[in-house]
1. Name every residue in the range 21-66 that is of a type in the set (Phe, Trp, Tyr) and touching a residue at least 60 places away in the same chain (Cβ under 8 Å), in order of residue number.
2. Which of the residues spanning the range 165-188 are crowded, with 18+ Cβ neighbours inside 10 Å and at pLDDT 95 or above?
3. In the range 115-163, which residues are aromatic (Phe, Trp, Tyr) and over 23 Å from Thr262 (Cα atoms)?
4. Output yes when any residue across the range 242-250 is in a strand (DSSP E or B) and surrounded by fewer than 19 Cβ atoms within 10 Å (Cβ to Cβ), and no when none is.
5. Can you run down the residue pairs with Cβ atoms below 6 Å, 6 or more apart or on separate chains, where the first is in the range 135-148 and over 14 Å from Gly79 (Cα atoms) and the partner is of a type in the set (A, V, I, L, M)?
6. Looking only at the range 226-240, filter to residues that are within 17 Å of the chain's Cα centre (by Cα) and of a type in the set (A, V, I, L, M); which one of those is nearest to Thr262 (Cα to Cα)?
7. Among all residue pairs at least 6 apart or on different chains, which show Cβ distances below 6 Å where the first residue, located in the range 247-259, is without any contact (Cβ under 8 Å) to a residue 12 or more places away in the chain and the second is surrounded by 14 or more Cβ atoms within 10 Å (Cβ to Cβ) and part of a strand (DSSP E or B)?
8. From the list Pro230, Pro271, Pro277, pick out the single residue that is without any contact (Cβ under 8 Å) to a residue 40 or more places away in the chain and surrounded by 13 or more Cβ atoms within 10 Å (Cβ to Cβ).
Amino acid sequence: MENKKDKNKEKPKQSDQLTQFYSTFSWPHDPKSELGEEYFKMALSFMESLIEHTWIKKLISKKRKIKILEICGGSGFGGIALSRAFAKKKVNWHLLITDLRKDSLDLAQRWAEDYLKKKVEVLVVDARETWKLKEKFDVCLIYGLSTPHFNPWDLVKLLSSVGEVLTDDGILVVDEADRRFRIFLEQGYKWALAEELDPDKFVVSFHTGYDFNRGTCKKAYVNFNDPKKPVRMEVFMWGLAEVGAFLWTFFKDVDFISLGGTRHFILGYQPRRLIKPGDLKKPSVKGYLFS
């Protein structure tokens, strides 16, 4: 039987690992930095395209208030941009941002309330356990190309969980890029790759292994300004087709919105709720452990 105390101990480790990973790069964590401002402008543009989709327009026509849940939200760029897009359409909204990193959520809340002039909620939640919120939302958003953090087993758990918190006509929006095309066909997979080179950071990723049960590439990310502290991660190289097919399993309809290049929004419409999170017991795959 799973020990609840052990499970609770996992979350800080995952949170610390994610914090270390994103701090290794010049990631737009701070919305008031030059990089953050540019990143947010792009998010605003993407969300303005999103709310023109037929399914979103149907929601707007039927709802007095749109309830938004952003999972893997980090500093809240996606959820805040979507809320702003609704506000420009004179649509009332409520926003909850969830993530494993409390420091990022605290920043998101301060920024959101300053920028949007309205109270938002934040909560530390494992995305795979979203169903425990016991609340219904109209739109669930995963923004910032977060799916590599989830292997296929995890994505099944995540999608089942999201279906439980969406309304019957709810919409899941996943920000996704086709890594199989870009990494394997365009540039070729690199066993060692210079990820970032600027005056302050020189970051190289190294392939360190492959997990057959999870389908993940094991990577070590080294900032040569501090080479004694490599960050180790497992990533899954998703393509658009398989993420779309996974959504189709859990939603009655699926659509894509092109954002340029291989980047798209993948939309799942109306959750099926045929597979409950509680139905997904640990599989008997030899040697397999959930992350």
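The values are calculated or read from the model by the stated rules, or taken from the named source; none is laboratory data. Because the structure is predicted, anything quoted here is derived from the model rather than measured. Quick reminder, even Gly has a Cβ in these numbers, built from the backbone with ideal geometry, and neighbours come from all protein chains shown.
1. Selection gives Phe21, Phe25, Phe46, Trp55.
2. Selection gives Val165, Leu166, Gly170, Ile171, Leu172, Val173, Val174, Asp175, Glu176, Ala177, Asp178.
3. Tyr115, Trp131, Phe137, Trp153 - these are the residues of the range 115-163 that are aromatic (Phe, Trp, Tyr) and over 23 Å from Thr262 (Cα atoms).
4. No, the conditions are met nowhere in the range 242-250.
5. Sorted first by the residue in the range 135-148, then by its partner, the pairs are Pro148/Val235.
6. Leu240
7. Here the result reads Ser258/His264, each pair linking the range 247-259 to a residue that is surrounded by 14 or more Cβ atoms within 10 Å (Cβ to Cβ) and part of a strand (DSSP E or B).
8. Pro230
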